[in-house]
Amino acid sequence: MTQKLHIKTYGCQMNAYDSARMAELLAPLGYGLTEDAASADLVILNTCHIREKAAEKIYSDLGRLNAVKRARAARGQPMTLAVGGCVAQAEGDEMRRRAPFVDMIFGPQSYHRLPELVARAARSAGTVLATDFPAESKFDHLPEARIPGAGAQAGFVAVQEGCDKFCTFCVVPYTRGAEHSRAVRQVLAEVRSLAAQGVREITLLGQNVNNYRGEGPDGKTWTLARLIRVVADIAGVARIRYVTSYPADMTGELIAAHGEIPALMPFLHLPAQSGSDRVLAAMNRRHGSGDYRRLVDRLRAVRPDLALASDFIVGFPGESDAEFEQTLALVREVGFAHAYSFKYSARPGTPAAAMPGQVPEAVKSDRLAALQELIDAERRSFNERCAGRTLPVLFEREGKRKGQLVGRSPYMQAVHALAPKSLMGLIAEVRIVAGHANSLAGERMAPA
Ligand code: SAH
Ligand code: F3S
């Protein structure tokens, strides 16, 4: 008997990874994925707690799903409704009161127990709750073999989870728990499994991935740079990325790796958060804006074609107009290829939520608009400067126009080019003829 499973993923790439693993864990129990929540026997919301909006959206989605669940029950088709991820971790007890129709609530460190939790939920009338941080790592309980989506060219592998940095605005240290690295052997097994199935690009994932300290086969603690070198040697792996990094953890060894490992893509997501030293200190970021600038210089010295992406928060408590201007100045100086920017959102239980000088919503909105305008202009300018260059493109899907394929450049830009379908899943050299706001147009180079 097959059962249908619907997973809705909110938030970060770690959640997307976790959702994929949940589906893999439930497949042996006969669960097949469906896009349609209403036809699913088991619905999992894999939630995000990072900003208030993200968390509130869960409750409105739950309300709608409860109506679907009732309609199904009336037809004699029960639906199990489960909430996983960081909202579940942070608000499990409250959620049980606010949405008692939810059958299962489980945190990010408990999803390896899904088969058991599903069985318990079937027997239990109330909500099954699993939000404690287990002493054992879930990674020891996840299958090493992966099931990449059909035709997937890129795959994610979690190497590190959790955060000990405690930026004063952030819930991640509370929802994901302490920093923890996976053993090298487990990581390599997963990469090999993906590569054997045609995945060419591997992104090593972690909340503080550049602070990776996994146990190596030699019993020693391996750094991320060392791990990347070995991943680069795995047959089939053509591209490596890692995300997300903490600036103060960028070691000389890792910077040097960018100049030495061709498979390591020249594109780095390195969140700066602010250009003001006072704000950065109040955020407990452990790096100033000068440190950030020097880091960028060191990276570009070893890899001149390196492009950077960042995250920024506007309207952190106490942020003055002049301090916000320093953020704009940093963005102008570094010239980011891509950046996410957010209005500061006060999160319950974090130190910044209780700080004086909370910034009015209207001021945050103005600052966000100004920053996003600058970031958009920089991205467009970066894309335009790609015109005339020849870039390797990993082709991933068919384009809208006949004969066109769409792939990704080393900088994650979508590249459209006329190309035979036989190039799907392969990397080919493409001459970029135009750069637009969100994509590049290219012409395939004749193979030499
Ligand atoms: N290193 C982490 C970053 C986590 S959160 C990781 O990749 O897992 C992603 C981004 O959300 C942060 O870099 C920050 O810019 C933003 N963010 C985190 N908490 C926030 C808050 N309370 N309000 C607004 N933005 C926030
Ligand atoms: Fe959050 Fe700062 Fe860690 S942004 S994930 S507490 S590095």
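Read-outs: derived from the displayed coordinates by stated rules, not from any lab. Given the structure is predicted, the values throughout are model-derived calculations rather than measurements. Here the Cβ positions follow ideal geometry from the backbone for every residue, glycine too, while neighbour counts run over all protein chains shown.
Give me the dipole magnitude in Debye, nearest 20, for the chain about the Cα centre, with unit charges on the beta carbon: positive for Lys and Arg, negative for Asp and Glu.
That gives the chain a dipole magnitude of about 1000 debye.
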Item to check | Amide H within-cut-off set for Ala183, under 5 Å, with H built and near neighbours excluded | outcome: Glu215
Checklist entry - Name the GluC sites (Glu not before Pro) in region 1-55 that are in a loop by DSSP and that have at most 16 other C-beta atoms within 10 Å, would you? => result Glu35
Checklist entry - For region 339-409 and region 42-121, what is the separation of their Cα centres, given in Å? => result 30 Å
Checklist outcome for this item: Between Thr80 and residues 5 or more places away or on another chain, the pairs with built amide H atoms under 5 Å apart involve Leu42, Val43
Item to check | Selection of trypsin sites (Lys or Arg not before Pro), region 353-394, meeting DSSP coil and at most 14 other Cβ within 10 Å | outcome: Arg389
Next on the checklist: If you average the alpha carbon positions of region 159-229 and of region 244-271, how far apart do those two centres end up, in angstrom?
Outcome noted: 14 Å
Item to check | ³J(HN,Hα), Karplus 6.51/-1.76/1.60, whole Hz, each residue of region 56-69, x for Gly, Pro | outcome: 5, 4, 4, 5, 6, 5, 5, x, 5, 5, 4, 5, 5, 4
Checklist entry - Among Leu224, Leu26, Leu204, which one shows the biggest mean-square fluctuation in a GNM of the chain, springs joining Cα atoms closer than 10 Å? => result Leu26
Checklist entry - So what's region 390-444 giving for Cα Rg divided by 2.2 N^0.38 Å, two decimals? => result 0.95
Item to check | Placed amide H near Tyr31: partners under 5 Å, 5+ positions off or other chain | outcome: Gln3
Checklist entry - Going by how many other beta carbons lie within 10 Å of each one, how would you line up Lys57, Lys4, Lys402, Lys69, fewest first? => result Lys402, Lys57, Lys4, Lys69
Checklist entry - Given only helices, namely DSSP H runs of n ≥ 4 each adding -39500 (n - 2.57), what is the per-residue ellipticity at 222 nm of the chain, to the nearest 500 deg cm²/dmol? => result -11000 deg cm²/dmol
Next on the checklist: To make sure I understand, if each residue's beta carbon is the centre and we count other beta carbons within 10 Å, what order do Thr127, Thr34, Thr175, Thr251 fall in, fewest to most?
Outcome noted: Thr251, Thr34, Thr127, Thr175
Checklist entry - For the chain, modelled as a GNM with alpha-carbon contacts under 10 angstrom, which of Ala130, Ala352, Ala370 fluctuates the most? => result Ala370
Next on the checklist: Can you sort Val243, Val430 from fewest to most other Cβ atoms within 10 Å of each residue's own Cβ?
Outcome noted: Val243, Val430
Checklist entry - Given a cut-off of under 8 Å on Cα pairs at least six residues apart, what relative contact order in percent is computed for region 390-444? => result 35 percent
Next on the checklist: Of Met424, Pro100, Gly442, which is farthest towards the positive pole of the chain's charge dipole, taken about the Cα centre with +1 and -1 on the beta-carbons of Lys, Arg and Asp, Glu respectively?
Outcome noted: Met424
Checklist outcome for this item: By the Cα gyration tensor axes a ≥ b ≥ c (a/c under 1.5 gives rounded; else a/b larger than b/c gives prolate, otherwise oblate), the shape of region 3-130 is rounded
